[in-house]
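Here's the structure we're looking at; comments come further down.
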Amino acid sequence: MTTIIKAEYEIDLALHRKDFKVNKIQDFCPLCHSTIKPIYRYAWMDSRGLQAVFECPKENCQKLFIAYYRPSTQDERSELETEYYYSSSEPIRVKKLDFSETIANISPQFCEIYNEAQIAEQRRLKNICGAGFRRALEFLIKDYLIHEKKDEKEEIENKSLLGCIEQYVDDPRIKECAKMPAWLSEGESHYYREWGDKDLNDLKVIIDLTVNWIESESLAKKIIKEELEPKKRKKRKKRKKEEKEEQKEKEKKEESDQDN
């Protein structure tokens, strides 16, 4: 929704003040990550665009941040009349994503690399974060497979990410998604690789699916183990009882042989 912001600008070393149209006022704080209605404090317009200073109204935050707006036209003659579109905000305090204990235990490096890639993404470093998310996915899948198939550790480590998915992952959703982006079969970075928004979104969907698959598999195995454990204990108890009885019978037989 179009909103009006009053901003200062300079013409011939003289300061002026004017209403500028912006396409939106962001509804979140980049520092405390709360949904807010920010308090407008000041704005400045120059040839690079519009910069507006806002304050977070949350009592536990109340920090200032700058929202950057870019002009909708490159026509300098009309720049004072044009609408400005929200581009980004600074500073940013990155919110770390906490993974489940299952994922953290299986692949701590995945958790670390994923959050580093997320920092790069929030700072709009697309080429860095793209390679980072792909590397995080590779660690997650290979660490899980090695955790489950310790005898095949070397083969898994040397196989490509796409090869691991095709050979070992039995979730059809992950297999199908992995076929869509051809770059998934490439190395973690290529000198000509350009990362678009769709590439990143597709990759993060595969990561989410993989996390869910691993958690589901681990939970299912845990439930089955807990279900079978009482039966195993019962069998062990029965076996011990039988062994005791066999031992007693053996001792009785030995005593009987000695008497004879």
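List the lysines whose Cα sits under 30 Å from the Cα of K21, skipping any in the same chain fewer than 8 residues away.
K6, K37, K58, K63, K126, K198
Which of the lysines could a cross-linker bridge to K252, judged by Cα under 28 Å and excluding same-chain residues fewer than eight apart?
Within reach: K234, K235, K237, K238, K240, K241, K244.
Specify whether the C-alpha gyration tensor of segment 11-52 places it in the rounded, prolate or oblate class, a ≥ b ≥ c being the square roots of the eigenvalues: rounded for a/c under 1.5, otherwise prolate if a/b is larger than b/c and oblate if not. It would help to have the intermediate numbers written out before the result.
Details: a/c = 2.75, a/b = 2.61, b/c = 1.05.
Judged from the Cα gyration tensor, segment 11-52 comes out prolate (a/c at least 1.5, a/b above b/c).
Over the Cα atoms of segment 37-157, what Rg and Dmax result, in angstrom?
Radius of gyration, then largest Cα-Cα span, for segment 37-157: 21.6, 70 Å.
Where a Cα-Cα gap under 27 Å defines reach, which lysines qualify for K149, not counting those fewer than 8 residues away within the same chain?
Straight-line reach from K149, under 27 Å: K159, K175, K179, K204, K221, K222, K225, K231, K232.
Please identify the trypsin sites (Lys or Arg not before Pro) of segment 117-154 that satisfy two criteria: DSSP loop assignment and at most 11 other Cβ atoms within 10 Å. Which are they? Walk me through the numbers on the way to the answer.
Numbers: sites: R123, R124, K126, R134, R135, K142, K149, K150, K153; in loops: R123, R124, K149.
Those satisfying the criteria are R124.
Rounded to the nearest 0.05, what FRET efficiency do R239 and N201 give with R0 = 51 Å and r taken as the Cβ-Cβ distance? Could you check?
Numbers: r = 55 Å, r/R0 = 1.09.
Rounded to the nearest 0.05, the efficiency is 0.40.
Throughout, read-outs are computed from the coordinates displayed, never taken from laboratory work. This one's a predicted model, so the numbers in the text were calculated from it and none came from an experiment. Backbone-built Cβ (ideal geometry, glycine too); neighbour counts: all protein chains shown.
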